[in-house]
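To start, the structure under review is shown below, and the notes come after it.
The values are calculated or read from the model by the stated rules, or taken from the named source; none is laboratory data. Remember, it's a predicted structure, so these values are computed and weren't measured experimentally. Reconstructed Cβ throughout: ideal geometry from the backbone, glycine too, with neighbour counts over all protein chains shown.
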Amino acid sequence: MAYSARQRHSYLREHPLRWALQAVSVGALAGMGIGFLLGARGHHDFALDALIGIIISTVMWAGFDTLHSPFESRKGGWSPEIVGLVSVLWMLVLYAILLLVAMGLIRLVTGANLLGNRLVLMFTVLTGLAVSGFIAAKETITEHVAAERRLVQAEARASFLSLQAQIQPHTLFNALNTIAALIPEDPRRAEEATERLSALLRRILGALEQPVWSLREEFALLEHLLGLESLRFGERLSYQLLIEPGMAERQIQPLLLLPLVENSLKHGFRPKVDACHITVRAAGGRIRIQDDGVGRAEGVPDGLGLRTVRERLEASGGSLQWLPVPEGCAVEVRLS
């Protein structure tokens, strides 16, 4: 994945102490290891091997961290292959320059003339290759992992935008059906349902404008939704919203639980003739939504709402899991 060098993070600037410890450790290990393999102890001891390795490591790591390839931004409409080839050539030139700088510092610090002995010169070049290879591998893996996380987060954001597009008309449609059913039977309850719908939509609109909000606010939204549904179905629908005091202010993504509760209402309660109970319980960093409805057929794929919840959770390090229960359905949300 090519990206602008200005967008790169500098490990040296962001974590200088951690960088220094790693550079010293890698350099010392590389220097002593290659010195042992070459059998160069007759020319210098392991302490000198380690010192030379540390100098090479710090110079090269600092250089590679600071002087990234200027061609990675793909200026001029270059193809990725050309960018890759030119960037590799740049890195080879940079490696040679940094190695010469390191050799000069080694001469100043130790007095050793690395160009005067072929075996010692080979030791220096191999140490530089080992260190630069480690740096390149670390940077590649780090960027690959970061790119994968950015992709997952981008997919989760796209899913949330999809949820934004569907959740308001979907909830509004169900609520209007409730109000329409109540008008001829009980105008007072229809008026109460209208007020609950107004409060529910205000909370949804507020949620869509926030990146995170508290679990207490999410439960308040669920209270409006379930209260609205109970006006229509009366005693057929009962519910409990239980939240551990220590979790009330826990920050979560807005509208995370709404699709799960709507799933219980749509697929668990409405097809059932008898009464149905829904429980939402938050405790110990987990949230469990359970109903005693008609149950869920094994192997049924998740719908858009459930897929969206799963993707949003996984993007932030959480998870969603269906739990085996003797009756109805139970799903557990594990927060990050």
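Filtering segment 243-281 down to residues that are over 13 Å from Phe233 (Cβ atoms) and acidic (Asp, Glu), which residue is surrounded by the fewest Cβ atoms within 10 Å (Cβ to Cβ)? Filtering segment 243-281 for residues that are over 13 Å from Phe233 (Cβ atoms) and acidic (Asp, Glu), the one surrounded by the fewest Cβ atoms within 10 Å (Cβ to Cβ) comes out as Glu249. Taking the stated definitions as given, is Ala62 under 25 Å from Leu12 (Cβ atoms), at pLDDT 75 or above, within 29 Å of the chain's Cα centre (by Cα) and assigned by TED's automatic domain parsing to the domain that holds Trp19? Criteria met by Ala62.
A single member of Thr178, Thr194, Thr127, Thr142 is at pLDDT 70 or above, closer than 26 Å to Gly84 by Cβ and surrounded by 12 or more Cβ atoms within 10 Å (Cβ to Cβ), and it is Thr142. Per this entry, Arg312 is counted among residues that are basic (Lys, Arg) and buried (at least 22 other Cβ atoms within 10 Å of the Cβ).
Which residue out of Ala154, Ala136, Ala165 is at pLDDT below 80, more than 21 Å from Asn263 (Cα to Cα), of a type outside the set (Lys, Arg) and surrounded by fewer than 12 Cβ atoms within 10 Å (Cβ to Cβ)?
Criteria check complete, one pass: Ala154.
Considering segment 289-309, the residues that are buried (at least 19 other Cβ atoms within 10 Å of the Cβ) and modelled with pLDDT of 80 or more include one that is nearest to Val261 (Cα to Cα), namely Ile289.
Annotation: of all residues in segment 9-23 being modelled with pLDDT of 75 or more and buried (at least 17 other Cβ atoms within 10 Å of the Cβ), the one that is farthest from Ala47 (Cα to Cα) is Trp19.
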